[in-house]
2 protein chains.
Amino acid sequence: MAGNTESERRPDLAAMMVPLGRALVAAELPVLREHGLAMWAYAVLLGLDDEPVHTQAALARDIGADKTRIIGVLDDLEERGLIHRQPDPRDRRARLLSLTAEGRRVRDTVQSAIQEREERLLARLPEEDRRGFLRALQTLAAMPRAEITGEPGPS
Amino acid sequence: MAGNTESERRPDLAAMMVPLGRALVAAELPVLREHGLAMWAYAVLLGLDDEPVHTQAALARDIGADKTRIIGVLDDLEERGLIHRQPDPRDRRARLLSLTAEGRRVRDTVQSAIQEREERLLARLPEEDRRGFLRALQTLAAMPRAEITGEPGPS
DNA sequence: GCCTATCGTAGGCGAATGCTTACGATGCCC
DNA sequence: GGGCATCGTAAGCATTCGCCTACGATAGGC
């Protein structure tokens, strides 16, 4: 056993990760619905988080959406006063995107509610596992996709 | 700040887990295609893993698929000699499902290739994080879905 | 024996998604 | 100032997925 510390058979990472992800999303949905947000709308609020400016195309890329598919989402969020969408004076093709104060408030409220649920879940893990889990997850999530797929990527 | 060891802002679990899951699936696809397997077919091979017997409906439930949607997959796998599908003598409505020797071989080959890639990825994590990550992931993945969503479940 | 439920199979519907094309407005390189 | 690229917008297309209905065969309770 000495050199074989973790040779226990385990399921594939994806086989665990994907259903878990689905379940976590399902857990988010009621919270989002309470605030009248769809998943993509929430993703937009999160994507606008720190970035002060943005162009719609860049935002779409960031949150893994299609450029043409978030337009309706942005329309809705703008109408509800959660985001600003002003023409960029320096590039009149682009629209500057930012959260309104209300948008920030909604994002914080929703994210707090969601993460509170998540913390309740994480609390059931042993302390050491939880820390490693969160650190590893953040590390992996921050990796460029090409490093995970092993592809050479779009050279 | 003493009692606040991990208060660093972190993304939502789902926001990390879902894209990561997608990337891991994308990493699996070339391997699967090499062996002529679609994702659902691989899921079936994995689902038949240890269970000696099965009914198609139970298998579908296990791998999170629709009862009516894996029929074609099973047809194909049977035709290729990777699974057995015999009528159950004790319940002539049902079909007993099992892996053939060849099916087991393919499953092992593919899974080894997949997990080898995964190990290369995991190797980039610090040892302690990796252990906690894998343990926590297995714990969470083994939880019934209702415990994650927080729903009372289908009582 | 009847009634109800389950199994496998077939087909279809509606929503979501990724991808593509097109178009007018605009910016940038040279 | 001409050519090319990018931005936002609109529309369409093919695929996938979850879900639902239906149907014949069969089990099982009573």
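The values are calculated or read from the model by the stated rules, or taken from the named source; none is laboratory data. Just so it is clear, the structure is predicted and the values come from calculations on it, not from any experiment. Cβ coordinates were reconstructed from backbone atoms using ideal geometry, including for glycine residues, and neighbour counts include every protein chain displayed. We work out accessible area using only protein heavy atoms, side chains counted, and drop any ligands, DNA or RNA first. Shrake-Rupley method; radii C 1.70, N 1.55, O 1.52, S 1.80 Å.
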### Task
Please work out the Kirkwood hydrodynamic radius for chain A, using every pair of different C-alpha atoms, and report it in angstroms with one decimal place.
18.2 Å
### Message
Suppose we flag trypsin sites (Lys or Arg not before Pro) only when DSSP calls them loop and at most 15 other Cβ atoms lie within 10 Å. Which is the longest uninterrupted stretch of chain B?
### Response
B:10-66
### Task
Would you mind giving the mean number of other chain beta-carbons within 10 Å of the Cβ of each residue in B:22-34, as a whole number?
5
### Task
First select every other residue whose beta carbon is under 11 angstrom from the beta carbon of A:Arg117; then total the charges, Lys and Arg +1, Asp and Glu -1.
-4
### Task
Over the whole of A:121-134, what's the average partner chain Cβ count within 10 Å per residue? Rounded to a whole number, please.
6
### Message
Am I reading the A/B interface right? What is its buried accessible area, both sides, 1.4 Å probe, to the nearest 100 Å²?
### Response
5300 Å²
## Note on the structure
For A:Asp88, the residues 5 or more places away or on another chain with a placed amide H closer than 5 Å to its own amide H are A:Ala94, A:Arg95, A:Leu96
### Query
Taking a label point 7 Å from Cα toward Cβ, how far is B:Thr68 from its twins in the other copies, in nm, shortest first?
3.1
### Query
Suppose every K and R has +1 on its Cβ and every D and E has -1 on its Cβ; what is the size of the dipole of the range A:29-155 about the Cα centre, in Debye to the nearest 20?
220 debye
### Task
With chain B rotated onto chain A, spot the residue of B whose Cβ lies nearest the axis and note the distance in whole Å.
B:Gly132, 1
### Task
Within the range B:28-131, list the GluC sites (Glu not before Pro) lying in a DSSP loop whose Cβ has at most 11 other Cβ atoms in a 10 Å radius.
none
### Query
What is chain A's relative contact order, in percent, from Cα pairs under 8 angstrom and six or more apart in sequence?
18 percent
### Query
Hey, what did the range B:66-137 get for relative contact order, percent, Cα under 8 Å, at least 6 apart?
18 percent
### Query
What is the average number of partner chain Cβ atoms found within 10 Å of a Cβ in A:108-119?
2
## Note on the structure
Computed, not fitted: 222 nm per-residue ellipticity of the protein assembly as shown from DSSP H runs ≥ 4 (each -39500 (n - 2.57)), nearest 500, equal to -18500 deg cm²/dmol
### Query
Tell me, how many Å apart are the Cα centres for the range B:16-33 and for the range B:36-113?
22 Å
## Note on the structure
Residues whose built amide H sits under 5 Å from the amide H of B:Ile83, excluding neighbours closer than 5 in sequence, are B:Glu78, B:Thr100
### Message
Using only the alpha-carbon atoms, how far is helix A:127-142 inclined from the longest principal axis of chain A? Give it as 0 to 90 degrees, nearest 10.
### Response
50 degrees
